Amino acid sequence: MNLEIVDRPAQPYVAVRRTVTMQTFPEIADRLPGLFGWLAERGVDPAGPPFFRYLLIDMERELDVEAGVPVAAPVDGDGEVLAGVLPAGRYATTTHVGHPDELIAVTGAFQDEAAAQGLTFDATGTERGTRWGCRLELLLTNPAEQPDTTKWETKLAFRLAD
């Protein structure tokens, strides 16, 4: 696995947030096209690839997840659409090419590799699961342009603890 450490600047974004399970994950994933439409209605261009931000994870029960799109400058949300800023910092990253169903195994290998390198993520255990400072899946492939899911590129970017 090719794990890299990168410095990411703070990044404004807009998102929709949901609490889902692994089985109901499409409820959040299917919100991305609407976010692009929401931005287009306001004349705001995306400033990078869409992403999923995992805020709280308990794989056996539920996940608090945002489906987001980065923007160049802060944009006001409207209740359903939230405005936020991805925090600056040092991130461990890797890129996966393949079906999204493979991401659970890839993420496990990524976390194992980071641990083997002595890296610690910005994450804290709670009774509801693991709360992450910033854990991202950046969706580098537009499904409308590449329908073959085995060719999709997804970048994992997990912020490291200071």
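Observations, loosely collected:
- Close pairs from segment 102-124: first buried (at least 16 other Cβ atoms within 10 Å of the Cβ), partner at pLDDT below 95 and not aromatic (F, W, Y), Cβ under 6 Å, at least 6 apart: none
- Some residue of segment 79-87 being over 23 Å from D162 (Cβ atoms) and either crowded, with 19+ Cβ neighbours inside 10 Å or free of Cβ contacts under 8 Å to residues at least 60 places away in the same chain (or both): yes
- A92 vs. criteria exposed (fewer than 14 other Cβ atoms within 10 Å of the Cβ) and among the aliphatic types (A, V, I, L, M): no
- Among the residues of this structure, A114 does not count as one that is farther than 15 Å from L32 by Cβ, part of a strand (DSSP E or B) and out of contact with any helix residue (DSSP H, G or I) (no Cβ under 8 Å at 6 or more places or on another chain).
- Evaluated against (1) closer than 20 Å to A123 by Cα; (2) loosely packed, with under 12 Cβ neighbours inside 10 Å; (3) in contact (Cβ under 8 Å) with a residue 24 or more places away in the chain, L56 falls short on exactly one condition, (2).
- Members of segment 11-48 found to be in a loop (DSSP other than H, G, I, E, B) and either touching a Pro at 6+ places or on another chain (Cβ under 6 Å) or under 19 Å from L140 (Cα atoms) (or both), listed by number: F25, D30, R31, D45, A47, G48
- Of all the numbered requirements in (1) part of a strand (DSSP E or B); (2) in contact with a Lys or Arg (Cβ under 9 Å, 6 or more places away or on another chain); (3) more than 17 Å from I57 (Cα to Cα), V85 misses one, and that requirement is (2).
- First in segment 141-162 and open to solvent by 70 Å² or more (accessible area, probe 1.4 Å), second anywhere and among the charged types (D, E, K, R), Cβ under 9 Å, 6 or more apart: D162/R90; D162/D122
- Considering the conditions (1) over 25 Å from Q23 (Cβ atoms); (2) touching a Leu at 6+ places or on another chain (Cβ under 7 Å), R128 is excluded by exactly one of them, (1).
The values are calculated or read from the model by the stated rules, or taken from the named source; none is laboratory data. These figures come from a predicted structure and were not determined experimentally. Counting neighbours? That spans all protein chains shown, and the Cβs are built from the backbone with ideal geometry, glycine included. Each accessible area value is taken on the protein alone, full model and side chains, heavy atoms only, with ligands, DNA and RNA left out. Shrake-Rupley method; radii C 1.70, N 1.55, O 1.52, S 1.80 Å.
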